[in-house]
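Report on the structure given below.
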Amino acid sequence: MPKLIELTIEIEVQKVSCPGVWLCQDGRVSLTIFALGTSYQTCYLPPSFPLAFRDVFYFRKRFQESCALNNICCLL
């Protein structure tokens, strides 16, 4: 059985602020996070800073043991 390396990333998003950015007051905004070949999207919020998401995202990916660790680091 081939050996695998499992990489798990936990990202906790609490608040997002962007000084100097103006958001149109029509509609709603969300945050999309891409990592390890997958993506997750937060819930939609009214467009006013700071955006308070309070979400936790888990990304997991398995690599063959033959995959070099420095190649995995390039994905992060």
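Evaluate E = 1/(1 + (r/R0)^6) for residue 14 and residue 58, where r is the Cβ-Cβ distance and R0 equals 25 Å; express this FRET efficiency to the nearest 0.05. Let's see the in-between values first.
Numbers: r = 16 Å, r/R0 = 0.64.
So, using R0 = 25 Å, E works out to roughly 0.95.
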message = Starting from 0.36 nm per residue, how many nanometres of slack lie between residue 44 and residue 29 once their C-alpha separation is accounted for?
response = 4.9 nm
request  = Step through the residues of the range 44-52 one at a time and calculate ³J(HN,Hα) from phi using the Karplus curve (6.51 cos²θ - 1.76 cosθ + 1.60, θ = phi - 60°), rounding each to whole Hz and writing x for Gly and Pro.
outcome  = 7, 10, x, x, 9, 7, x, 7, 9
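Every read-out reported here was derived from the displayed coordinates using simple, explicitly stated rules and does not represent laboratory data. Because the structure is predicted, anything quoted here is derived from the model rather than measured. Because the Cβ atoms are built from the backbone with ideal geometry, glycine has one as well, and the counts that use them run over all protein chains shown.
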